[in-house]
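One structure is given below, encoded as structure tokens.
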Amino acid sequence: MKKTGCWVEAMRLRTLPVSVAGVITAIGYAVLGGNFRALPAFLCLVFAVLAQIASNFANEYYDYKAGLDRPGREGPRRGVTEGDITPAAMKLATFLTLGAACAVGCSLLIWGPWWLIPVGITIALGVMAYSTGPYPLSHHGLGEVAVVCFFGIIPVNMTFFLQAGHFDLSVLFGSLAIGLMGANVLIVNNYRDLEDDAAVGKHTLAVIMGRRFASTLYLLNGCFAVALMAVTWLVLPAWTVIFPGFYLVAHIFVWLRIVSRRGMALNPMLGITAILMLVYSVFFLAASMSAV
């Protein structure tokens, strides 16, 4: 594989819709409330994508260092494990990308108060704590919880706050919904890797609770996510109800495909889950724009 292709693979582009969807959802809420501000919203998007790429790089590097990745694994090719990227290069890329994210985050202080600094520090620590530290979250069944927090609650609420200047209860519900959708991407990943992770002692939620629990949680997350935003959808034009309806039908269809597949055959389902989440957020933004 060419060097550029190795780095693109390490970014895990198929999962990046997870970070994008949270920002788009927040923009939808801001538009609905007449609070949309393009520049801080754009910077939040850049920050979110950079933070996720840094997290993906860190995950690859620290899982390699811990001996948790093996050549020929079921999931996408891991450049460091397969020898395509040196560990030193991946470590450097992790901190450079995280540093770029922090720089973008600092620029957001133009629109927000001083306490954005500890929020940013928390996010940076979360990027690393997912894969390393004294208690790596992804190794102890807490990966999905981390996704709900760092790809749902924090980015949606903070992106909305930086545009509107205040928080909102409906946005909180929406952030939980997006977090649950994002957690489903990780669930597919860990569902696919269950045997590999168990063999190396990586205790993901799927390993701890089993395959049936993981697949059931995937189904319930998507349904509960739509329910959390039901009140918001009801205040939007009636015709927009087709959007959450489409998501639910597609979500159930994907779930049926997931429970009938194993191993590498699940790779497309991971990307589809992320894209479905992004489509939902774009639908919500379109519905919000139609309401104003």
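The values are calculated or read from the model by the stated rules, or taken from the named source; none is laboratory data. Note that the coordinates shown come from a computational prediction; the quantities given were computed from them, not determined experimentally. Using ideal geometry, Cβ is built from the backbone for each residue, glycine included, and neighbour counts are taken over all protein chains shown. These accessible areas exclude ligands, DNA and RNA; they are computed on the full protein's heavy atoms, side chains included. Shrake-Rupley method; radii C 1.70, N 1.55, O 1.52, S 1.80 Å.
Run the quick spin-label model on residue 65 and residue 103: label points 7 Å from Cα toward the beta carbon, then report their separation in nm to one decimal.
Computed distance between label sites residue 65 and residue 103 equals 2.3 nm.
Could you rank the peptides 271-277, 156-162 by their average count of other C-beta atoms within 10 Å per residue, with the highest value first?
For the peptides 271-277, 156-162, the packing ranking is 156-162, 271-277.
Determine the dipole magnitude for the chain: charges of +1 sit on the beta-carbon of Lys and Arg, -1 on that of Asp and Glu, nothing else is charged, the reference point is the Cα centre, and the result goes in debye to the nearest 20.
The dipole of the chain has a size of about 400 debye.
Applying a 10 Å radius around every beta-carbon, put 46-56, 5-15 in order of their mean neighbour count, most first.
Ranking the peptides 46-56, 5-15 by packing returns 46-56, 5-15.
Taking a spot 7 Å from the Cα of residue 38 along the direction of its beta carbon, which residues of the stretch 251-292 have an amide N less than 20 Å from it?
It comes to 282, 285-292, nothing else.
Can you pull the accessible area of residue 140 for me, 1.4 Å probe, Å² to the nearest 10?
70
Return the distance in nm (one decimal) between the two label points of a simple spin-label model at residue 239 and residue 119, each offset 7 Å from Cα along Cα→Cβ.
So the two model labels end up 3.6 nm from each other.
What label, among [x] 147; [y] 118; [z] 131, belongs to volume of the Cα convex hull per residue in Å³ computed from the structure on display?
Label [y] holds the value from this structure.
Please calculate how many Å² of accessible area the chain carries per residue, with a 1.4 Å probe and no DNA, RNA or ligand atoms counted. Before the final figure, lay out the partial values.
Working: 12490 Å² over 292 residues.
Roughly 43 Å² per residue, with all protein chains present.
Given axes a ≥ b ≥ c from the Cα gyration tensor, I'd like to know whether the stretch 87-135 is rounded (a/c under 1.5), prolate (a/b larger than b/c) or oblate.
Values: a/c = 4.98, a/b = 1.63, b/c = 3.05.
Oblate, because a/c is 1.5 or more while a/b does not exceed b/c.
When the helices in the chain are scored as -39500 (n - 2.57) per DSSP H run of 4 or longer and the sum is shared across all residues, what 222 nm value do you end up with, to the nearest 500 deg cm²/dmol?
Values: 14 runs with 206 residues, N = 292.
That comes out to -23000 deg cm²/dmol.
If each residue of separation counts as 0.36 nm, what is the full-extension length gain between residue 7 and residue 195 once their alpha-carbon separation is subtracted?
Between residue 7 and residue 195, full extension yields an extra 65.1 nm.
Sort 101-114, 204-217 by the packing proxy (mean of other Cβ within 10 Å over each peptide's residues), most packed first.
The packing order, highest mean first, is 204-217, 101-114.
Beyond 18 Å between alpha-carbons counts as too far, so tell me which of 91/202; 65/202; 65/91 fall in that bin.
91/202
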